Structures are given as structure tokens and as C-alpha cells.
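Below: the structure, in C-alpha cells.
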Amino acid sequence: MCKIPLAFIKKDFLIESSYKLAFLANIFGVLISLLGYFFIDKLFGRMLVSHLEEFGVNYFSYVLLGMAFFSYVGIGLGSFSSRIQSEQAQGTLEAILLTPAGIPAILLSMALWNLIFATMDMAIYIALGIFLFKIDFTHINILSAIVILFLTVASFSGLGIISAGFIMVFKRGNPLGWIINSVEGLIGGVYFPITVLPGWLQFLAKFFPITYAIRAMELSVYKGYSLAQLAKEAGFLLLFSALLIPLSIAFFKYSVKKAKTDGSLAQY
Amino acid sequence: MRPILEVDGLTKDFTPPLSFGKLIKFDLGRGIPVRALDDVSFRLERGKILAVLGPNGAGKTTLLKIIATLLLPDRGSVLLNGSGLEEKIKMSIGLVAEEERSFYWRLTGRQNLEFFAALYGLDRKTAGARIGELSELFAVDYAGKRFDSYSTGMKRRFALMRGLLHDPELLLLDEPTKSLDYAAALSLRGFIKETLVKARNKTAIIATHHMDEALDFCDLFMVLDKGRLRAFGTLEELRKQVGGPTATLGEVFVKLTAGS
């Protein structure tokens, strides 16, 4: 049962580790982006105090967790489409689909390495936060944080698989990837609490799972909220997952069928 | 005894994608479809080697891809051992495509084979033994080197090894000796004919442009032209069809595809 996921993890690890500079460059990239927000906090942080009261932290602590978590969501769940695109471009997708491995197993396995990599990315953010910027994570409710992380991954997997379906058929120009990366980053509360936004944008934000995920994660990490206190956010994420995952797998299977009908499986 | 492969009425059209020029004129019609296969039917007995011959664009690769489940036909069916189930077909066929990009170039040949072996459901021990056996058969002693360091011929050998990893009953080969030197091509033909087909009772379908190669090791010949099956049978049967009792395979082919 684990044969296929393990084979993908091993293959992706071997490929990634053959690019030796990439890992160091990643740590450096995280550090630079954090430094930018660190100085923004110094300059404008006090203006956001009233919006951050609920979370009990300063702007830099808020944005560090938001970015760490959003990077996880972005990399982890854009991974379905990026892996499909990469296998198409390498010419290996047909060879994979020629094997009797089922589509759900292939999809899950393709995304695993990116999820592991995103977890490492998140760990870098947290480690830099603790050791370099002296952020206090001692109030964390670990159970709540893990459950929210799991529900977020599940609900975003649905969106990620739908994105992969678009890539399978259209090869480029995936509209969901754009929404996840741009719109959700802007109105989902990643870089600032959504209370900063005008009313109509706050209303719109309610329709995106990232809004619930970020809020729940900030509250579980900085305020130690229990799952009972986060019932509304967890409930929404559960609902998104229950709706999106079956829909996305059905959509992806349809996309593979469409690509097999058009003869475009190997095109990119 | 039931044939290993039963192909009935396979028809496949490819519709050209919507062009940008048409899109900006709001002309959403997708153009005239090109017929790649037109009502192709045949039966193949176990233990035979079938050569699929045809000019460029005749539908040879389309036929192999449909049999391999990588392409869906618009009409018609493919049964392998009496079953049309995709999972069963995938376990019973090995496709060696013309495309040499279908490997991970930053991995070694062995790592590539281990990855695909896992996808075919082989456990580590079985996969290791199988890779060892195939490396010996193909005289490969460079499986530990990175794939991007291989020559075209070396990559071709790995494509064949991957096609044989799960010990399939039916082997589909698209231009199998392309890019191989004369000795390697000869050795491969011998391997398919003697080891796979005669000794292990496997079946093979080979798409090729080389008449000599087809004549050298195939039992049956199929001529496709513009997607239509022009002839199917032994060389004798094909000669009868064109009315040339002493015609070479090349001459038969030219007569059957005249005008293409």
C-alpha cells in the first residue's frame, strides 16, 4: 500500500538532492523576506495594534506565522498542478499512467515530496522566528494547531487537485492557482488581519478557506485556543474538505479521460 | 484457443485545437477532424510477432497507444485475454515508446527502473532480481550511472528493460531499433524472437519503417495507410492480395500504400 508513495518520495528526494544549491537558497530567501516584514513592523507596526489585539501579538509575529503557514498552503497545494506540469514537461507522465497504479494513489504520491518540503520550509520560518527574532511560541495549543493544519491541507488539496485537472487539459493558465496564490494571499489575512480590509472585502474573504485557516492557526499558536474555541473555523474547513475532495478527484479523473481522448496526455 | 489480442472497429479522430486567430474572431468551430484510425479490426494469436507497417502518419503509434490505454478510441474496442479492463490490460502489456524523454535524467538507470517497478507493484526484492536479470540480458553494466550520461542507444536499452520489468505477455514496440547500432539492433531482434517469443511464448507488436527488420523477425504483417487497414497476414497472404507471388515486402508495401 505504501509502495507507490515511498517510491515517489525516494525519487523526488534523489532528484531534489541533486540540486545542491537550492536548499541553501531557500533558507536565504525565507530570511530575506522575513527581514523585510521585520522592518515594516518597526515602521508601521504600531498602526495595527488595534487590529492585532485579538491575537495578542505584534505585527511581525502575526505576519511570520501567516507567511509560514501560507507558504505551506501555497507550496503544498500548488504541488498537485506543479508536479503534473513537471511530469508532462519531462515526458514521464505517460510512462507513469501506463502503470496499473491508480489515479488517486499517483496524485497523492506526486504531492508528498512538496508537502514534506513545505513542512521543512515552515520549520525554517518557525526556527528563525524563535532563535533570530525571539518570537514567543510558548502559548501554542499543539493539538489545535495540528488539527487545523490537517484540515487546511485536506481542504486545499481539493483546490490543488482541481488545479491539476486544469493543467492536465489546458497545460497552462490554471485559474485556480492564480486565485490561491494572489487573491487568497491578499484577502485571506496572511499579511494583515482581515479587519484592516473594507467591509465588502471582509465579506468576500468569508468564502475562502484560507481566511478560516489563518485565523485558526494564529489563535491556536499565539493564544492557545482549544478546538472547542475554534469550532467555527474547524467546521468550515471540514465542510470545504468534504465538498472539495470527492469533487476534485472526480474532476481530475475526467481531465485524464479528456486528455486521453484528445491525445494530449504527453503534451505540455 | 482465444487470441491474446482482439481489436474491433477501432476508429480515432483528432480534432485540431482552437487557434488564437479563430478565437479572436469568435469562430469557435474546431476545424475538420483528422482520422488517425478508421475501423481497424484484427486478431493476434499468442506467441506471434506482428509488424505494423505504414507511411508517416498512417496511424501506427495511435494504434499502439490505444492498445496500451494511453489513448481512448472514439469507437471500437480492445480485448486482451478477453478482458477490456484497463488495470488488467496495463499489467499484461509493456510499451516501449519512441520517446526517450520518459525517464528521470538526474537519476541513475537503476533508480529509474526501481521507481517504475514500484509502480507496477513489484516489491524491492523482486524488483532487484528482475533488474539484475534484465541488466544481464541487455549486457548493461552502467545502471549505476546517471541517465543523462547515457548515449541514445543506452537509453533505448533502458526503455526496453522498463517495458519488460513486470514480465508482460504482450510487448508493444514503437521503432525498437531506432538509434541502435547494427550489432545492438541484431542482438535485440534475436532477443525478442528467441528469448521472449519462442522460449517464453510472449507476443509482440512492432511498429517500424524498416522492411528488412520486419521481414527478419516478424511472423505477421499489417499495413496501415491513412488510418485504414490495407492488409493483414503472412507475407504469402499479402503477396496474394497484391497479385505478386514473388514480390518483396517492400514491393507489397508500396503497392498497398500507392498514392500516399
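What follows is calculated from the coordinates using simple rules that are stated; it is not laboratory data. Just so it is clear, the structure is predicted and the values come from calculations on it, not from any experiment. Quick reminder, even Gly has a Cβ in these numbers, built from the backbone with ideal geometry, and neighbours come from all protein chains shown.
List of remarks:
- Residue list for the stretch A:60-106, restricted to those being part of a helix (DSSP H, G or I), of a type in the set (A, V, I, L, M, F, W, C) and either within 13 Å of chain B (Cβ to nearest Cβ) or more than 22 Å from the chain's Cα centre (by Cα) (or both): A:89, A:93, A:95, A:96, A:97, A:103, A:105, A:106
- For the stretch B:50-66, taking the residues that are away from chain A (no Cβ under 12 Å), under 11 Å from the mean Cα position of the chain (by Cα) and of a type outside the set (Gly, Ala, Ser), the one that is surrounded by the fewest Cβ atoms within 10 Å (Cβ to Cβ) is identified as B:50.
- Exactly one residue out of A:130, A:124 is exposed (fewer than 15 other Cβ atoms within 10 Å of the Cβ) and either more than 13 Å from chain B (Cβ to nearest Cβ) or over 24 Å from residue A:7 (Cβ atoms) (or both): that is A:130.
- Verdict on residue B:133 being more than 13 Å from chain A (Cβ to nearest Cβ) and in a helix (DSSP H, G or I): yes
- Qualifying residues in the stretch B:32-49 (those that are within 14 Å of chain A (Cβ to nearest Cβ) and aliphatic (A, V, I, L, M)) - the one farthest from residue B:82 (Cα to Cα): B:34
- Condition met for residue B:165 (of a type in the set (A, V, I, L, M) and within 17 Å of the chain's Cα centre (by Cα)): yes
- Residue identified as of a type outside the set (Gly, Ala, Ser), in contact (Cβ under 8 Å) with a residue 40 or more places away in the chain and surrounded by 16 or more Cβ atoms within 10 Å (Cβ to Cβ) among B:226, B:255: B:226
- Here B:171, B:134, B:122 are screened, and the one residue that is touching a strand residue (DSSP E or B) at 6+ places or on another chain (Cβ under 7 Å), at negative phi and among the aliphatic types (A, V, I, L, M) is B:171.
- Residues that are within 14 Å of chain A (Cβ to nearest Cβ) and farther than 25 Å from residue B:217 by Cα, drawn from the stretch B:67-77: B:69, B:70, B:71, B:72, B:73, B:74, B:75, B:76
- Matching option when the condition is under 15 Å from the mean Cα position of the chain (by Cα), exposed (fewer than 15 other Cβ atoms within 10 Å of the Cβ) and not basic (Lys, Arg), among A:182, A:226, A:241: A:182
- Considering the stretch B:67-79, and only residues there that are in contact with a strand residue (DSSP E or B) (Cβ under 6 Å, 6 or more places away or on another chain) and not charged (D, E, K, R), the residue that is nearest to residue A:99 (Cα to Cα) turns out to be B:68.
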